[in-house]
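What follows is a single structure, written as structure tokens, with notes after it.
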Amino acid sequence: MASKTGPSGNGRVINHIRVLRAAQHGMTQGDLAKRVGVSRQTLNAIEGGKYAPSLEVAFKIARQLGRPLAEVFEFVES
Amino acid sequence: MLPSFEERSVWVQLVGLGLALGGYFASAGPMLAAGVMHMAPYIAVFAVCLVLLIVVQIVGHIAAALLGGTDDSDERDRLIGWKAEARSSWVLGLGVFGAIGSLAFGIEGVWVANGLLLALFLSEMLKLALQAVSYRRGV
């Protein structure tokens, strides 16, 4: 399921972290958060669309999930 | 999900500051109304409230850490802090200008000092409240 990660002008950023995480042998939120260097609550907020991460954290998440950034986050025109 | 340590810390600060400085103004208000214009009684009350604030902060943070461990602040915590600071600092600014104006009009120093302290208290309380809301609603 894609999650919105914050309002932005004429569109919004959605992410597929939850799905990709599950595909990584059921990687938990805590595991990914630890590898990325954020708290589990912050990763939960990112997944739930309550917080749009910095580019640095977004790249780290994509790297840990073994996917290009554009497959993890995408901008959807509204 | 248990709130992060940073969020729990915000609640500890909010409760501690509310109790300590709220208690101070609950005591200082009637003193001002009664016309007490010496600084010494206010300083004594403030010292007691300051000790209360320190005790509540220490005990509260120990309890917060025992409840769910500690973790370092991350970029979301910092962003929430910066935004809350930016949205609340006008209260302190208003208090400072109010104090300068009061001095120009010859208002008693005790009133000016308490007014400044009130502005600082309200500014911090607003900042902490905004942080608590941002943690729940999102940034």
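Points worth noting:
- Local electrostatic count, B:Gly69, Cβ distance below 14 Å [Lys/Arg +1, Asp/Glu -1]: -1
- Acute angle (nearest 10 degrees) that the helix B:75-104 long axis makes with the longest principal axis of chain B, alpha-carbon atoms: 0
- Rounded FRET efficiency, nearest 0.05, which uses the C-beta distance separating B:Lys83 from A:Asp31 and R0 of 25 Å: 0.30
- Note that the stretch B:121-127 has calculated 3J(HN,Hα) couplings of 4, 5, 4, 5, 5, 5, 4 Hz, one per residue in order, obtained from phi through the Karplus relation 6.51 cos²θ - 1.76 cosθ + 1.60 (θ = phi - 60°); glycine and proline are x.
- With the simple model of a label 7 Å out from the Cα in the direction of the Cβ, A:Ser54 to B:Ala65 spans 2.6 nm.
- The separation of the stretch B:81-139 from the stretch A:20-75, counted between C-alpha centres, amounts to 37 Å.
- Under 16 Å from A:Lys60, Cα to Cα: aspartates and glutamates that are on another chain or at least 8 residues apart: A:Asp31, A:Glu47, A:Glu71, A:Glu74, B:Asp74, B:Glu75
- Basic side chains Lys and Arg get +1 at the Cβ, acidic Asp and Glu get -1 at the Cβ, and with that the dipole of the stretch A:3-71 about its Cα centre reaches some 80 debye.
- Peptides B:8-19, A:24-35 ordered by packing proxy, namely the average of other Cβ atoms within 10 Å per residue, highest first: B:8-19, A:24-35.
- More than 27 Å apart - percent of Cα-Cα pairs taken over the protein assembly as shown: 48
- Axis of helix B:5-33 versus longest Cα principal axis of chain B: the two differ by about 10°, to the nearest ten degrees.
Bear in mind these aren't lab numbers, they're just calculated from the coordinates by the rules spelled out. If you're wondering where the values come from, they're calculated on a predicted model, not measured in any experiment. Cβ: placed from backbone, ideal geometry, glycine included. Neighbour counts: every protein chain shown.
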